[in-house]
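The values are calculated or read from the model by the stated rules, or taken from the named source; none is laboratory data. Everything numeric in this text was worked out from a predicted model, so none of it was measured. For neighbour counting, all protein chains shown are included, and Cβ atoms are generated from backbone atoms with ideal geometry for every residue, glycine included.
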Amino acid sequence: MDFGFSLPTRGPLATAEDVTAIARAGEDLGFGHCTVNDHIVLPRKVGSVYPYSQTGEWPGGAVGDWLDPLGLLCFVAGATRRVRLLTSIIVIPYRPVLVQAKLLTTVDVLSHGRLLIGCGVGWMKEEFEALDVPFAARGRMADEYLTAFKELWRSDDPAFAGEFVNFSGIAFAPKPVQKPHPPFWIGGESPAALRRTARLGDAWYPIGSNPRYPLDTLERYRAGVADLHRAAETAGRDPRGIGLAYSANWFSDPQATKTDDGGRRLMTGSASAMREDVAGLAAAGVTDLVLNFNSPSRQETIDRMAAFMSDVAPAT
């Protein structure tokens, strides 16, 4: 199993020096990928329900000091040699399709083929409104954008005519290093996200902490995989062709160990308990596990990463 770690995209550690140090430390420790998340602007008032907390409150901060994820990954590409670069996640409808395809291609080219596209449809209605993007259409937009990306990256004479995307008579070059394109890891836990993964994704990349669609125990995760496989069969795909990744947010809050029915959440508790979780996820087919080790201190973040690789990862 490959393990991932989050890079700071906001706050006091979102500096060239700290990002470089954390990224290089993760690479040296043997992590397979580093991740960055995505916001462009922070509205002054946010009433949208955050889907990954019990209260619906978003712990994202009130200042809005977010680095752009694709610009940051280009920077990290130059500071590292091996670790893969994962958007976790990029909100596909936020950026115009041609501009976004070019930015993603640039990351893949400059990193010599290390880009992984973790992608989703977003949740913050107020940010969509600030960007003048229709919130209610975000799912249809994401599906169309992903299809258009594939056309741009595969075709020598790309053309597309859709509800939101129209282009023809253009040259799009260079193409990504990865063929036929960088992998799409589809985020989300809802039935719509499963259908999107089944139609368009190379891997399913849920976060376990969604109270509405919880995947926070092995039993619940296995049930989600079964739902995904049924969606794949409905879409005419072999379920075995869809990879499985998993993101756990609770490592940054070791006290949040209990599920709503009194069980223990995945990737919480002791190192021994987490080793059991890793083994269980691997048995369920997970090949990539992403964790959040971020703390207010660069050294504490790196120490958490080192402890995980020393005490938990060797079990795999």
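Let me confirm something: among L146, L152, which residue is more than 20 Å from the chain's Cα centre (by Cα) and within 20 Å of R114 (Cα to Cα)?
None of the others qualify; the one that does is L152.
What residue, of R265, R196, R222, is buried (at least 18 other Cβ atoms within 10 Å of the Cβ), under 26 Å from W123 (Cβ atoms) and over 19 Å from the mean Cα position of the chain (by Cα)?
R265
Quick check on region 29-59: of everything there that is of a type in the set (G, A, S) and either buried (at least 16 other Cβ atoms within 10 Å of the Cβ) or on the phi > 0 side of the Ramachandran plot (or both), which residue is modelled with the lowest pLDDT?
G56
Buried (at least 18 other Cβ atoms within 10 Å of the Cβ), within 15 Å of the chain's Cα centre (by Cα) and in contact (Cβ under 8 Å) with a residue 60 or more places away in the chain, is that true of P206?
When the stated conditions are applied, P206 does not pass them.
Looking only at residues that are part of a loop (DSSP other than H, G, I, E, B) and of a type in the set (S, T, Y) in region 278-316, which one is farthest from I242 (Cα to Cα)?
Step by step, filter region 278-316, then rank; the result is S297.
Out of T87, T20, report the one residue that is among the polar types (S, T, N, Q) and either touching a Ser or Thr at 6+ places or on another chain (Cβ under 8 Å) or at positive phi (or both).
Among T87, T20, only T87 is among the polar types (S, T, N, Q) and either touching a Ser or Thr at 6+ places or on another chain (Cβ under 8 Å) or at positive phi (or both).
Filtering region 298-316 down to residues that are hydroxyl-bearing (S, T, Y) and at pLDDT 95 or above, which residue is nearest to E17 (Cα to Cα)?
Among them, the one singled out is T301.
Only one of (1) under 27 Å from P134 (Cβ atoms); (2) not in a helix (DSSP H, G or I) fails for L116. Which number is that?
With (1) under 27 Å from P134 (Cβ atoms); (2) not in a helix (DSSP H, G or I) applied to L116, the lone miss is (1).
Looking only at region 72-106, which residues are out of contact with any Lys or Arg (no Cβ under 8 Å at 6 or more places or on another chain), assigned to a helix (DSSP H, G or I) and under 24 Å from L29 (Cα atoms)?
L72, L73, C74, F75, V76, G78
Of the conditions (1) at pLDDT below 95; (2) surrounded by fewer than 18 Cβ atoms within 10 Å (Cβ to Cβ), T20 fails just one. Which one is it?
Unmet condition: (1).
Got at least one residue in region 222-238 being basic (K, R) and within 30 Å of E151 (Cβ to Cβ)?
Yes.
Residues to consider are A203, A284; find the one that is under 21 Å from N37 (Cα atoms) and either among the small types (G, A, S) or in contact with a Gly (Cβ under 9 Å, 6 or more places away or on another chain) (or both).
A203
What are the residues in region 215-236 that are farther than 16 Å from V286 by Cβ, in contact with a helix residue (DSSP H, G or I) (Cβ under 8 Å, 6 or more places away or on another chain) and part of a helix (DSSP H, G or I), if any?
Correct list: A231, A232, E233, T234.
Show the residue pairs meeting these rules: Cβ distance below 7 Å; 6+ apart or different chains; first residue within region 66-89 and free of Cβ contacts under 8 Å to residues at least 60 places away in the same chain; second residue part of a strand (DSSP E or B) and among the small types (G, A, S).
Final answer for the pair search is T87/G118.
Among the numbered conditions (1) outside any loop (DSSP other than H, G, I, E, B); (2) closer than 30 Å to A21 by Cβ; (3) of a type outside the set (V, I, T); (4) touching a Gly at 6+ places or on another chain (Cβ under 8 Å), tell me where F128 comes up short.
Of (1) outside any loop (DSSP other than H, G, I, E, B); (2) closer than 30 Å to A21 by Cβ; (3) of a type outside the set (V, I, T); (4) touching a Gly at 6+ places or on another chain (Cβ under 8 Å), only one is false for F128: (2).
Output yes when any residue across region 102-121 is in contact with a helix residue (DSSP H, G or I) (Cβ under 6 Å, 6 or more places away or on another chain) and of a type in the set (G, A, S), and no when none is.
yes
Would you mind stating whether G26 is among the small types (G, A, S), more than 19 Å from Y205 (Cα to Cα), surrounded by fewer than 18 Cβ atoms within 10 Å (Cβ to Cβ) and at pLDDT 95 or above?
no
Which members of region 152-176 meet the condition of being surrounded by fewer than 17 Cβ atoms within 10 Å (Cβ to Cβ) and either of a type in the set (K, R) or within 30 Å of L244 (Cβ to Cβ) (or both)?
If the condition is that a residue be surrounded by fewer than 17 Cβ atoms within 10 Å (Cβ to Cβ) and either of a type in the set (K, R) or within 30 Å of L244 (Cβ to Cβ) (or both), then R154, S155, G162 are the ones that fit.
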